[in-house]
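Student: Sharing a structure with you now.
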Amino acid sequence: MKYNRCGRSGLLLPAISLGLWQNFGENFAVEKSGSILKAAVEAGITHLDLANNYGPPPGSAETRMGEALQKELAGLRDKLVISTKAGYHMWEGPYGEWGSRKHLISSLNQSLKRLRLDYVDIFYHHRPDPDTPLEETMGALADIVRQGKAIYAGISNYSAEGTARAASLLSEMGVPCLIHQPSYSLLNRKPEQGLLQELGRRQIGCIAFSPLAQGRLTNRYLNGIPTDSRVTHSVFLKENNLTPEYLAAAREWNALAESRGQTLAQMALAWVLRRPEITSVLIGASRVEQIHDNVACLNRLDFTAEELARIDAIQARYLPESLV
Ligand code: NDP
């Protein structure tokens, strides 16, 4: 594994981190999630990412992580960076989502119980809240860090402007913004329009979620739809996301990856990691082999100017709307 410094902080994160959004809820075999976690940690993936609502049902991924810390990962707490988040809908009523101090602190207390931990390493505000004063949300993050319930504070899904305001508020409160977690991949290049530059200027770390576009930047769908693939069971990825234009681009990217001696997944991860602002790529996995395939991207991270131009040309030809 390669470890990268997270922004200007003392924290090193693995270039590849594992998220428990999918495949760690009650609908997935517990032995399988345990073996994926074990394989990830054995491969040097020291960072595991959660949120209050990961499951299904919401909360069950944290419960499963708490169990794994007693079993497959027993004794490893201090060797791991465990994050969680609050902000998306978690429980009924006015305090179950968004960015109030009430929501963040109540939700983190619930998360800690499910995880069976006294503290998490990173606590995120999961999405901006247009109605709560940012001072309140950032004040809650800062207090959570001061209370020792989280070691570091982060934000997710914030715009470049929102990030600038949030980071300034946090630093006025003496708690730096450690990290931002945006969606960033070959199929979502929006962060290139200002967010990455803002993070670079402020030396805030960046962990890119869904770097494989939920599996679309792998060989998963090149020859039909496998019965166990995410498209068959997720509300967040549907068959109509696999358009003929997408498939044409994925096939050409796949050929380019092969010419580099890589799988498409490996090239897609290396492509995200090419940006100096990126601390880590935050992958998901439904089987142990995917962990091994993805970690092996580290064998070839460099790109020639011609390869980058070819990647862009394929995108411009088939998916111009995804090219910024
Ligand atoms: P990815 O883009 O890495 O997609 C993961 C999926 O891709 C896997 O479940 C698998 O699909 C497929 N896959 C992975 N590796 C391979 C491979 N080598 N070959 C073939 N297929 C492969 O990430 P996710 O969308 O899962 O998101 C990762 C994490 O990001 C989440 O767990 C969460 O922690 C975070 N996240 C954060 C959000 C936020 O708002 N902050 C929102 C969304 C995610 P299959 O199941 O079909 O096998």
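Student: Wholly within segment 232-324, which helices (runs of 4 or more DSSP H) include no fewer than the required count, namely at least 2 residues that are modelled with pLDDT of 95 or more and farther than 30 Å from Ile204 by Cβ?
Tutor: Working: elements: 244-259, 264-273, 288-295, 305-318.
Because the criterion is at least 2 residues that are modelled with pLDDT of 95 or more and farther than 30 Å from Ile204 by Cβ, the helices (runs of 4 or more DSSP H) in segment 232-324 that meet it are 244-259, 288-295, 305-318.
Student: If I ask for residues that are near the ligand (Cβ under 7 Å from one of its atoms), farther than 21 Å from Lys190 by Cα and of a type outside the set (Ser, Thr, Tyr), which ones from segment 275-288 would you list?
Tutor: Initially, segment 275-288 is screened for residues near the ligand (Cβ under 7 Å from one of its atoms), giving 282-287.
With farther than 21 Å from Lys190 by Cα added as a condition, the list becomes 285-287.
Residues satisfying the conditions are Ala285, Arg287.
Student: If you don't mind, there's one more thing I want to ask. Would you check if there is a residue in segment 100-118 being touching a Ser or Thr at 6+ places or on another chain (Cβ under 6 Å), in a strand (DSSP E or B), within 14 Å of the ligand (Cβ to nearest atom) and within 30 Å of Glu42 (Cα to Cα)?
Tutor: no
Student: Criterion first (in contact with a helix residue (DSSP H, G or I) (Cβ under 6 Å, 6 or more places away or on another chain), at negative phi and away from the ligand (no atom under 12 Å from the Cβ)) does Gly25 satisfy it?
Tutor: Here the answer is no, as Gly25 does not meet what is asked.
Residues are listed down the side, and each one gets a yes or a no for (1) buried (at least 20 other Cβ atoms within 10 Å of the Cβ); (2) farther than 30 Å from Gly7 by Cα; (3) within 16 Å of the chain's Cα centre (by Cα); (4) of a type outside the set (Ser, Thr, Tyr):
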| residue | (1), (2), (3), (4) |
| --- | --- |
| Asn223 | no, yes, no, yes |
| Arg274 | no, no, no, yes |
| Glu277 | yes, no, yes, yes |
| His292 | no, no, no, yes |
| Leu308 | no, no, no, yes |
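Student: Considering segment 167-212 alone, what residues qualify as being among the aliphatic types (A, V, I, L, M) and touching a residue at least 40 places away in the same chain (Cβ under 8 Å)?
Tutor: Leu178, Ile179, Leu186, Leu187, Leu196, Leu199, Ile204, Ile207, Ala208, Leu212 - these are the residues of segment 167-212 that are among the aliphatic types (A, V, I, L, M) and touching a residue at least 40 places away in the same chain (Cβ under 8 Å).
A quick yes/no check of all residues on (1) among the aromatic types (Phe, Trp, Tyr); (2) more than 22 Å from the chain's Cα centre (by Cα); (3) buried (at least 17 other Cβ atoms within 10 Å of the Cβ):
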residue	(1), (2), (3)
Met65	no, no, yes
His89	no, no, no
Ser100	no, yes, yes
Leu104	no, no, yes
Leu112	no, no, yes
Leu117	no, no, yes
His125	no, no, yes
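Student: Given the conditions (1) within 12 Å of the ligand (Cβ to nearest atom); (2) hydroxyl-bearing (Ser, Thr, Tyr); (3) closer than 24 Å to Ser229 by Cα, and given that Ser35 satisfies all but one, which numbered condition is not satisfied?
Tutor: (1)
Student: Considering Ala265, Ala296, Ala249, which residue is crowded, with 21+ Cβ neighbours inside 10 Å, of a type outside the set (Ser, Thr, Tyr) and within 13 Å of the ligand (Cβ to nearest atom)?
Tutor: Ala265
Per-residue answers, yes or no, for (1) under 17 Å from Ala51 (Cα atoms); (2) acidic (Asp, Glu); (3) without any contact (Cβ under 8 Å) to a residue 12 or more places away in the chain:
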{"position": "Glu135", "(1), (2), (3)": "no, yes, no"}
{"position": "Met138", "(1), (2), (3)": "no, no, no"}
{"position": "Arg146", "(1), (2), (3)": "no, no, no"}
{"position": "Lys149", "(1), (2), (3)": "yes, no, no"}
{"position": "Arg165", "(1), (2), (3)": "no, no, no"}
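Student: Among the residues of segment 51-84, which ones are of a type in the set (Lys, Arg), farther than 16 Å from Lys113 by Cβ and in contact with a Gly (Cβ under 9 Å, 6 or more places away or on another chain)?
Tutor: If the condition is that a residue be of a type in the set (Lys, Arg), farther than 16 Å from Lys113 by Cβ and in contact with a Gly (Cβ under 9 Å, 6 or more places away or on another chain), then Lys71 is the only one that fits.
Student: Here's a follow-up. Can you name every residue in segment 199-222 that is closer than 28 Å to Glu258 by Cβ and either more than 12 Å from the ligand (Cβ to nearest atom) or of a type in the set (D, E, K, R) (or both)?
Tutor: The answer is Arg216, Arg220.
Student: Follow-up question, since we're still on this one. Output the residues belonging to segment 194-231 that are part of a helix (DSSP H, G or I) and on the phi > 0 side of the Ramachandran plot.
Tutor: Ala213, Gln214, Gly215
Student: Working only within segment 181-198, note down all residues that are surrounded by 22 or more Cβ atoms within 10 Å (Cβ to Cβ), closer than 17 Å to Pro128 by Cβ and away from the ligand (no atom under 15 Å from the Cβ).
Tutor: Listed by number, the list is empty, since nothing qualifies.
Student: What are the residues in segment 128-167 that are within 16 Å of the ligand (Cβ to nearest atom) and over 24 Å from Leu112 (Cα atoms), if any?
Tutor: If the condition is that a residue be within 16 Å of the ligand (Cβ to nearest atom) and over 24 Å from Leu112 (Cα atoms), then Tyr158, Ser159, Gly162, Thr163, Ala166 are the ones that fit.
Student: Now for a different question. Taking interchain pairs and intrachain pairs at least six residues apart, which have beta carbon atoms under 7 angstrom, with the first residue in segment 48-64 and of a type in the set (Lys, Arg) and the second within 10 Å of the ligand (Cβ to nearest atom) and at pLDDT 95 or above?
Tutor: Arg64/Phe24
The values are calculated or read from the model by the stated rules, or taken from the named source; none is laboratory data. Predicted model, so just to flag it, every value in this text is computed and none were measured. A quick note on method: Cβ atoms are made from the backbone with ideal geometry, for glycine too, and the neighbour counts reach across all protein chains shown.
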